[in-house]
1. As an exercise, use a Förster radius of 22 Å and the Cβ-Cβ distance of GLU11 and SER246 to find the FRET efficiency, rounded to the nearest 0.05.
2. So how strong a dipole does the chain carry about its Cα centre when Lys and Arg Cβ are +1 and Asp and Glu Cβ are -1, to the nearest 20 debye?
3. Restricting to Cα pairs below 8 Å that are 6+ residues apart, what does the relative contact order work out to for the chain? Please round to a whole percent.
4. For LYS172, which lysines qualify as cross-link partners when the Cα separation must be under 20 Å and same-chain residues fewer than eight apart are set aside?
5. Highest mean first, how do 180-188, 135-143 rank when packing is the count of other Cβ atoms within 10 Å averaged over residues?
6. More than 28 angstrom separation, counting every C-alpha pair in the chain; what % is that?
7. Once you have the alpha carbon radius of gyration of the stretch 139-187, what is it after dividing by 2.2 N^0.38 Å, with N set to its residue count?
8. Could you list the GluC sites (Glu not before Pro) in the stretch 1-96 that lie in coil according to DSSP, counting only those with at most 11 other Cβ atoms within 10 Å of their Cβ?
Amino acid sequence: MNNLMNPKYPEGRNLFVGKNILLTASAGAGIGFSTAKRFLEEGANVFISDVHQGRLDQAIESLRSLKLGEVDGCLCNVTSDEDIDAMFKHALERFSHLDGVINNAGLGGESSLETMSNDAWNLVMDVTLNGAMKMMRAAIPILKETQGIIVNNASVLGWRAQAGQSHYAAAKAGVMALTRCVAMETVEHGIRINAVAPSLAMNPHLAKTSSLELIDSLSSQEAYGRGAEPWEVANVILFLASDLSSYMTGEVISVSSQRA
């Protein structure tokens, strides 16, 4: 059990040598940044975005300090068509083509439906679901050129019930449905679209949207008694983005150790 409680960080296997990957919401210490780092460790070049300039600059500096692949990025609010178009333009100017897009942007919260305002509902939907839709819509014509991949970040709450999470759960269920349907629309172009559905990934920003009591309760429900390290979720994203999952499209993989 000790190895399960303290997993070993993986060594790179050169899965993405020569590939260019764009990732949203990749500043900070969460799944996005860990995924960008893992892509670099596997030989890729990465283009990252975020909505916070300071965190974005820090993330780019940190990733460049690894002295692996090329790293660039820009600000992008995934609710804005203009921001998304500008980001893809910038990324293509930097790397000439893209082989994959990782949609990590999402926004949660904790509120009962009875007390939830329209604005609170709409904000979560706009960032988490509409943002994924807008990113995919913009990425498809670009990825046709490379028969590239899209990996969306969903959540086990798209399947499972949790009080106080109706807006987030509904948005993530929408991301799952979006993944399945659009995968069928793009399969003829060689584009594969899949999603991960993490249960609980630990990062310093989690406490901003969930109480410590809730985090402790959710951790205790995991088979390992802990949440996933962000890089453990990133590993599954890399699998879905790699040739190792060549037969998979329209699928959602749960990244979870929950008993039920």
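Just so you know, all these numbers are worked out from the coordinates, no wet-lab data involved. Keep in mind the model is a prediction, meaning the values are calculated, not measured. Virtual Cβ from ideal backbone geometry, glycine too; neighbours counted across all protein chains shown.
1. Efficiency, from the Cβ-Cβ distance: 0.45.
2. It works out to roughly 500 debye.
3. RCO, the chain: 19 percent.
4. Partners within reach: LYS134, LYS208.
5. Values: 180-188: 14.9, 135-143: 19.0.
Ranking the peptides 180-188, 135-143 by packing returns 135-143, 180-188.
6. 29 percent
7. Here the answer is 1.39, to two decimals.
8. Numbers: sites: GLU11, GLU41, GLU42, GLU61, GLU70, GLU82, GLU93; in loops: GLU11, GLU42, GLU70.
Counting only loop positions with at most 11 other Cβ atoms within 10 Å, the GluC sites (Glu not before Pro) in the stretch 1-96 are GLU11.
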